[in-house]
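Encoded as structure tokens, the structure appears first; notes follow it.
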Amino acid sequence: MKSTLRIKIFTHLTLILAVMFVLGMFPIIDMHPASAKEFLPAASEHTINFYTGYGEPDLYASVLGDTELERGETRDIRIVISNRGVLYGAKSAQGVGTSETKQALAIKELEYESLRTVAYGVKATLVSNSEYIDVDPTTSSQTLEEVFPGQLPDDPLVFTLKVSKNAPAGVYMLDLPLIYEYKKDIRMTAGITTAVGLPDKDHAAFYQTANKTLTIPIVIGPQPMLAVTEVSGQIIAGGTSAINVTYTNTGELPATDAVARIVAIKPFSCDRSMQPLGTIAPGLSKTASFDISAQRAAVIKTYGLDSEVKYIDTDDEIAYSSNMKVNVTVAPAEDKLNITGIAIAGIAITLIVLIFKNVLRSMNQKNRGIE
């Protein structure tokens, strides 16, 4: 009998060492904290199961603070992961009879079974399905070691969002897939594990991987959105011309008392760089005319001048549009003769003709005297 027991122990030890050797040949990638708690759990034949528990983690997410963002804004949002998991009860798997040892083990197992609703190694990844909202990749994936039912984590998860300046107003639903583990089954070892070379633990926990996808609503509020939709006119090098710029409100709210401004830098200048537009309702346009001068030495090409619109928003506060480009073309100056130059040239030619006639007259008179 003892010989048979030694053979079984030796066989189990050999099997365990072989498994440990094979696992050691491969790196353990992205192991959750729960997976690292027991490197090699005891086999079921080395455990005793007194109860089967019912219940598992039930994770939810909530956002701290305002979820309304503005176009062009970059902001951190803080998300709290909560656990509403409920232990529904436990069903007896086997009797304990009058054995005080088994009764103590059964009570201990019930205590461990109460932890089956704890989520371990929670990995949360925030995903945007819209081209108008980006999640900073350095913050898009985060983990929590454990989340207990009825308890909030000490620190929320912080994700950085960037909203496109062209984002339409509305509600955007971001996905938050969660991957975690929980103790699906607890069995008591009653000290048997030490006989097969495993850590001396009074129980063995068998983990189950689970996942759940939550949604995080992000609101882009309505507001005016101004854009340059048309530019007409060109500037002659060395001259001044009127450049007409049309501004269109593509947003959802009116821009009241709007004033357009253009930034004219070298080789340009503008005497009145600010022009009133009045109120621009959604979908409508207003045109401003700027008298812009270009230096004669200006390079012949198309320039992009900066422009913006200041307006009063629906909260009666001063607001500014994003920077817009106004494309202005500089054309070469026409080669025209100057009137003064023409007069001087005429005088010079007249003098030359008179001088030439006088020389001829003198020569003729001299020739007649000689004869």
- Query: Between rounded, prolate and oblate, where does region 226-331 land on the alpha carbon gyration tensor, with a ≥ b ≥ c its root eigenvalues, rounded for a/c under 1.5, else prolate if a/b exceeds b/c?
  - Reply: prolate
- Shape of region 155-298, Cα gyration tensor, a/c cut at 1.5: prolate
- Item | Interchain or long-range residues, amide H under 5 Å from A298's placed H | G238
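Just add up the charged neighbours of G251: K/R +1, D/E -1, any other residue whose Cβ is under 12 Å from the Cβ of G251.
-1
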- Item | Backbone HN-Hα couplings from phi across region 156-166 [Karplus 6.51/-1.76/1.60, Hz, Gly and Pro as x] | x, 7, 10, 10, 9, 10, 10, 9, 5, 5, 9
- Any idea how many Lys pairs in region 170-320 come in under 21 angstrom at the alpha carbon, given 8 or more places apart or on separate chains? 6
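Bear in mind that the values in this text are calculations on the coordinates, not laboratory data. None of the values given here were measured: they were computed from a predicted structure. Note that each Cβ is placed from the backbone with ideal geometry, even for glycine, and that neighbours are counted across all protein chains shown.
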